[in-house]
1. For segment 79-89, indicate whether the set of residues that are open to solvent by 20 Å² or more (accessible area, probe 1.4 Å), within 16 Å of Ala259 (Cα to Cα), out of contact with any Phe, Trp or Tyr (no Cβ under 7 Å at 6 or more places or on another chain) and of a type in the set (A, V, I, L, M, F, W, C) is non-empty.
2. What are the pairs with Cβ atoms under 8 angstrom where one residue, in segment 211-232, is over 17 Å from Arg249 (Cα atoms) and of a type in the set (S, T, N, Q) and the other, located anywhere, is open to solvent by 40 Å² or more (accessible area, probe 1.4 Å) and modelled with pLDDT of 95 or more? Sequence gap at least six, or different chains.
3. Farther than 24 Å from Asp153 by Cβ, surrounded by 15 or more Cβ atoms within 10 Å (Cβ to Cβ), modelled with pLDDT of 95 or more and away from the ligand (no atom under 16 Å from the Cβ): is that true of Ala269 in this structure?
4. Of the conditions (1) within 16 Å of the ligand (Cβ to nearest atom); (2) out of contact with any Lys or Arg (no Cβ under 7 Å at 6 or more places or on another chain), Leu190 fails just one. Which one is it?
5. For segment 38-92, which residues satisfy the criterion of being over 27 Å from Arg185 (Cβ atoms), of a type in the set (Val, Ile, Thr) and within 16 Å of the ligand (Cβ to nearest atom)?
6. Every residue in segment 214-266 that is within 17 Å of Asn202 (Cβ to Cβ), more than 7 Å from the ligand (Cβ to nearest atom), in a loop (DSSP other than H, G, I, E, B) and under 16 Å from the mean Cα position of the chain (by Cα), please.
7. Give, as residue ranges, the strands (runs of 3 or more DSSP E) completely inside segment 101-179 that count at least 2 residues that are under 20 Å from Val237 (Cβ atoms) and open to solvent by 10 Å² or more (accessible area, probe 1.4 Å).
Amino acid sequence: MAAWRLLELLLLGATGVWATGCGFRPEYDSPSPSPAPRIIGGQKSRPGEWPWVVSLQTQGHHFCGGSVIHSWWVLSAAHCFHDIRPQDVTVAAGSVTLGMGGVTRRVRRIVSHPSYSRSTYDSDLALLLLSRPLPPGRGLGLVCLPGEPAEEDDGQWGSCYVAGWGTTEYGQERGSGALREAGVRIVDWLRCMWWIGALTQNMVCAGHEEGGRDACQGDSGGPLQCQAPQGSPWYQVGVVSWGRGCGRRQRPGVYTRVANYRAWMDEAAAAAGRPLRPQKATPTGLGSAPQKTEPEVAGGARPCPWRPLGLALGLALGRWLG
Ligand code: 4AZ
């Protein structure tokens, strides 16, 4: 165990990524899982259940959510940073109770998407570069990022949850001191457009036709996280962005569609000197450890492992059906 930790720390030092990959919850998914009791209409999360979900705070007050996608990087929503400077933001990670335990980091830089629109909320996402990397273990984990948009098919997700410390009723003054979660379903884009209007192709809706379970104020910036078959890793499909009230009938929550920004995220992180994926070896790149590293350990930036299987099965079925 000690040797493993040492190896992990060495890897972290060399590459800034964790050896444990992304999308898994080692402290939550035990071999004999205890039943999870199953925000608006949701329930409290258990410690370690969403090890990548973080609280963004200013002067000790939670104002938005975020997710750990790499030891150096947190993903959140651009609209969280209208009037806030990096030096005023603290990231609280690895804890489900605000102000208790976990690891905190300061923010060195906020990189909002250049196309973010305050009027339409299009491209509502931002990357936060931390002052120091987050350590592996200690209740922390990385969420996986979906691949390019062409590969994404909303039908592939079995189970999706939104989690955050936001209000449990629309218009409430204070959020929840405990991390809460709500199971939601991805809503067909056209149907959502019909119900809500004003959507762009960079938005994905999730909720329930009857309402009841949803994200709300203070959950912004947090992840919509989905799993394909049970036991597979968790992927961040969306970033909590906006909605028409919370938990209302035919008013699902609106999220920024992460897959559409995969290329931008890679570019922005590399431009800041802390790439999300191991960089390709240069001709002079002697001893560049990442070259030998499997892409899987690249801080959460790997394509869905189930997709090639699904594609192959789909092709075979297509051929067989004629
Ligand atoms: C907000 O104001 C907000 N029901 C976030 C999410 C939703 C609504 C409002 C979705 O931050």
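The values are calculated or read from the model by the stated rules, or taken from the named source; none is laboratory data. Given the structure is predicted, the values throughout are model-derived calculations rather than measurements. Cβ atoms come from the backbone with ideal geometry, glycine included; neighbour counts cover every protein chain shown. Remember, those area values only see protein heavy atoms, side chains included, never the ligands or the DNA or RNA. Shrake-Rupley method; radii C 1.70, N 1.55, O 1.52, S 1.80 Å.
1. Looking for residues that are open to solvent by 20 Å² or more (accessible area, probe 1.4 Å), within 16 Å of Ala259 (Cα to Cα), out of contact with any Phe, Trp or Tyr (no Cβ under 7 Å at 6 or more places or on another chain) and of a type in the set (A, V, I, L, M, F, W, C), one finds none in segment 79-89, hence no.
2. Matching pairs, first to second residue: Ser220/Trp242.
3. yes
4. Here Leu190 meets the rest and fails (1).
5. First, the residues of segment 38-92 that are over 27 Å from Arg185 (Cβ atoms): 57-61, 63, 70-73, 81-92.
Next cut, of a type in the set (Val, Ile, Thr) only: 58, 84, 89-91.
The answer is Thr58, Ile84.
6. Gly221
7. Correct list: 159-164.
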